[in-house]
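Down below is the structure, laid out as structure tokens.
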Amino acid sequence: MTNNLSVVINADAPQVWTMLREPSKVAQWHGWDADDLAKEINEIYFGDNVAEAPDHTSLTTDGGDVFELKPVPTGTLVSVTRAAMDHNSEWAAWDEDITQSWLTFLQQLRFALERHPHGKRHTTFFQVPGESGSAIEKLGLSNVPKPGENYELTLGTGEEIAGKVWYRSNHQVGLTVHGYAEHGDGLLIVADQPVIEDVRPKGGSLVIISTYDLGASKLESIRALWDGWRAENYPTSEALH
């Protein structure tokens, strides 16, 4: 097994376990709102090949990737260990994409538990091709402060946002955003995606915006700014989901 991924969540292990084992809870952090989200969750976390440890410290997903929970002084260390990839399989080309997705989802899990444990998220999602450059760079997010530090900036969309840097990695930036929730913060994740030959020959980027309890007018204004930016900078990309 390779590509260990981990995050410390300020919550106890039983709370984390509940977020892994109730479909409605998984839907608050896995992926983004989509017609097939419930089906995907059922296949990955509740399929025939899923295995739970009796003591609720590990969960083997349908694809063989393993969640492990370990209590630590600051909460729970949650790790995902990727299953060994068969390089002759149809999924081989997507291996790095899957690893990057787990990184994103672990951070969304941490955010859901630490900031909105009883909340219901609403996500806005879109992907753009890599021909026109990195979305992280175009949005002005290349030089955000260290994780945990405050930030204020004007996005490439023209929107002024503020909050804390949630996380940074080689290919992803996560920011809490004061204006993306009626109470507390929402979450903005921008990730540059790896090249996949014949599918994504020049890479690409994705954006996930998680909002909470916003009114229809506020939500639509946020979506309009993002969709305008997408259409201007990546004219061949598909509209927001």
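The values are calculated or read from the model by the stated rules, or taken from the named source; none is laboratory data. What you are looking at is a predicted structure, and each value in this text was computed from that prediction instead of being measured. Methodologically, a virtual Cβ is constructed for each residue, glycine included, from the backbone with ideal geometry; neighbour enumeration extends over all protein chains shown. Surface areas here come from the heavy atoms of the whole protein model, side chains and all, with no ligands, DNA or RNA. Shrake-Rupley method; radii C 1.70, N 1.55, O 1.52, S 1.80 Å.
Averaging the Cα positions of each part gives two centres, and for the stretch 122-199 and the stretch 1-79 these lie 24 Å apart. Accessible area per residue for the stretch 85-241 is 49 Å², calculated with a 1.4 Å probe on protein heavy atoms, without ligands, DNA or RNA.
Rounded, prolate or oblate, given the Cα gyration tensor of the stretch 89-144, with a/c below 1.5 counting as rounded?
It comes out oblate by the Cα gyration axes.
Quick one: which residues, 5 or more positions from residue 58 or on another chain, have an amide H under 5 Å from its amide H? H modelled 1.01 Å from N in the peptide plane, none for Pro or chain starts. Distant-sequence amide H within range of residue 58: 53, 69. For residue 164, go through the lysines and keep the ones whose alpha-carbon is under 25 Å away, minus same-chain ones fewer than eight residues off. Correct list for residue 164: 25, 120, 138, 146, 218.
Looking at the stretch 119-241, the DSSP beta bridges with both ends there are about 95 percent antiparallel. Probing with 1.4 Å while keeping every protein chain in the model, the per residue accessible area of the stretch 41-82 equals 50 Å². Can you send over the carbon and sulfur percentage of the accessible area for the chain, probe radius 1.4 Å, protein chains only? Result for the chain: 48 percent of the exposed heavy-atom area is carbon or sulfur.
Dividing the helix sum by the residues of the chain, where each DSSP H run of 4 or more adds -39500 (n - 2.57), gives a mean residue ellipticity at 222 nm of -8500 deg cm²/dmol.
Which translational diffusion coefficient, to the nearest whole µm²/s, is obtained for the stretch 1-116 from the Stokes-Einstein equation, given a Kirkwood hydrodynamic radius over C-alpha pairs, 4 °C and 1.567 mPa s?
Approximately 89 µm²/s, per Stokes-Einstein.
Applying a DSSP loop filter and a limit of 16 other Cβ atoms within 10 Å to the GluC sites (Glu not before Pro) in the stretch 40-129 leaves 90. In this rough spin-label picture, where each label sits 7 Å from Cα along the Cβ direction, the residue 137-residue 149 distance is 2.2 nm. Considering all different alpha carbon pairs of the stretch 105-241, the Kirkwood hydrodynamic radius works out to 15.2 Å. Restriction of the GluC sites (Glu not before Pro) in the stretch 188-241 to DSSP coil positions whose beta-carbon has at most 14 other beta-carbons within 10 angstrom yields 197, 238. Taking springs between alpha-carbon atoms closer than 10 angstrom, which of 153, 103, 113 fluctuates most in the Gaussian network model of the chain? The residue that fluctuates most here is 153.
With an a/c value of 1.5 or above and a/b not larger than b/c for the gyration tensor axes a ≥ b ≥ c computed over the alpha-carbon atoms, the stretch 11-77 is described as oblate.
Classify the chain as rounded, prolate or oblate, taking a ≥ b ≥ c as the square roots of the eigenvalues of its Cα gyration tensor: rounded when a/c is under 1.5, otherwise prolate if a/b is larger than b/c and oblate if not. In terms of gyration-tensor shape, oblate.
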